[in-house]
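The values are calculated or read from the model by the stated rules, or taken from the named source; none is laboratory data. Source: prediction; values computed, not measured. Heads up, the Cβs are rebuilt from the backbone with ideal geometry, glycines too, and the neighbour counts pull from every protein chain shown.
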Amino acid sequence: MKFFTCLFVASLLFLSETCLAKQQDQAPSEGVILYNQQRFNAAFPVLEKEALSGNVDSQYYLAEALRKRNRYMTPEAQDWYETAAANGSIYAMIQLGRKDTDLCKIMENCPASARTPAEWLSYAKELTLQNANKGDAESLFLMYEITLDYEWLEKSAKAGYALAQYWMAVGERQGRGFFFIPGKRDESVRNWFRLSSEGGYPQAMNNYLSILENEGDRQAVRHWLKVAAETGEPEAMSNYGAYISHTPDRVGYPRDLVKGYAMFYLLKELEDAGGIKDYVDQKIEMIAEKMTAEQIEESKIVAKEWKATHPPLSFFPDKLGN
């Protein structure tokens, strides 16, 4: 039998805001870390153990992993979504509300549920609106996910939610909104990516870095590439490791073979998640050719210290995945 960390009740009035806040504030568990690293075979047993112990985020991510592995909403995935929803997960409610667009609908084998998709979305909306009306930036973003009303996304972005700022930039870059003065669209896209980067969102940093590189601002590129690498995002870490070890030198870092090797040594932990294994192996070999055995051992110590003082490696997949 599965544990519930928060009591599920039919009435909206009795669902604890504390339960909702707890999910948002808690550090990622080992299972969620493995999921974010796309190491799914390793993630499944860990997520299941955590989910059974009552970890709401693990319940949600286990449902996500099951759905993605099978490419549609299976009874087991739905069971875990409903368990997470019963424990107050708005994200689980939203995914249950999207079942009508799931592949299971086309296959005509969607599992039965206690609520219809429309009812789940309505329930999620009523719960989320309470915090959105108080100006909570994440709740404002979730209102956008629930309603697809662009005004909620803009409100969330203006409230400082980095993920919303990132999607504002992406939307405007793809043509959303009206900009009558030439250059204003590019200026707005740049600003949203900058704000999202300053808010700590790695995918925004990668996009902002491309803009800065096109502008020829090498000093800013050096700064933001280091910041992005420090989040644990693999693309940023691999670029940082390559440039700092001068394989090649593209942004003008002082050459540091020890730190460069350490970046790729850390990335080996991902094995072939994200299809990066061959690239990482090639880079390690290339950098190692310029190093002494003592430097390589020093790099391994640097890697160990980095891992202990930085966030875990993560591809930062969208929590509300397709």
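Please find, within the stretch 51-107, the residue that is modelled with the lowest pLDDT out of those that are within 21 Å of Glu119 (Cβ to Cβ) and not in a helix (DSSP H, G or I). Among those residues, the one meeting the criterion is Asp102.
Okay, residues lined up against (1) crowded, with 20+ Cβ neighbours inside 10 Å; (2) among the aromatic types (Phe, Trp, Tyr):
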| site | (1), (2) |
| --- | --- |
| Asn239 | yes, no |
| Leu266 | yes, no |
| Tyr279 | no, yes |
| Glu298 | no, no |
| Thr309 | no, no |
| Pro312 | no, no |
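For the stretch 272-322, a residue qualifies if it is under 18 Å from Ser29 (Cβ atoms) and polar (S, T, N, Q), and exactly one does: Ser314.
Per the listing Leu225, Leu209, Leu142, Leu195, the residue uniquely closer than 27 Å to Ile33 by Cα, in contact with a Ser or Thr (Cβ under 8 Å, 6 or more places away or on another chain) and at pLDDT 95 or above is Leu142. Taken over the stretch 38-50, residues that are in a helix (DSSP H, G or I) and either charged (D, E, K, R) or touching a residue at least 60 places away in the same chain (Cβ under 8 Å) (or both) amount to 3.
Can you spot a residue in the stretch 108-116 that is surrounded by 15 or more Cβ atoms within 10 Å (Cβ to Cβ), touching a residue at least 60 places away in the same chain (Cβ under 8 Å) and among the hydrophobic types (A, V, I, L, M, F, W, C)? No - not one qualifying residue is present in the stretch 108-116. In a residue-by-residue description of the stretch 298-321, the property of being among the aromatic types (Phe, Trp, Tyr) and under 30 Å from Lys99 (Cβ atoms) applies to at least one position.
No other residue among Gln165, Gln130 is out of contact with any strand residue (DSSP E or B) (no Cβ under 9 Å at 6 or more places or on another chain), in contact (Cβ under 8 Å) with a residue 24 or more places away in the chain and surrounded by fewer than 17 Cβ atoms within 10 Å (Cβ to Cβ) apart from Gln130. Considering the stretch 15-50, the residues that are surrounded by fewer than 15 Cβ atoms within 10 Å (Cβ to Cβ) and aliphatic (A, V, I, L, M) include one that is modelled with the lowest pLDDT, namely Ala21.
State yes or no: is Gly216 out of contact with any helix residue (DSSP H, G or I) (no Cβ under 9 Å at 6 or more places or on another chain) and of a type outside the set (Phe, Trp, Tyr)? So Gly216 passes the test.
If you scan the stretch 51-67, which residues turn out to be over 20 Å from Leu320 (Cβ atoms) and not aliphatic (A, V, I, L, M)? Ser53, Gly54 - these are the residues of the stretch 51-67 that are over 20 Å from Leu320 (Cβ atoms) and not aliphatic (A, V, I, L, M).
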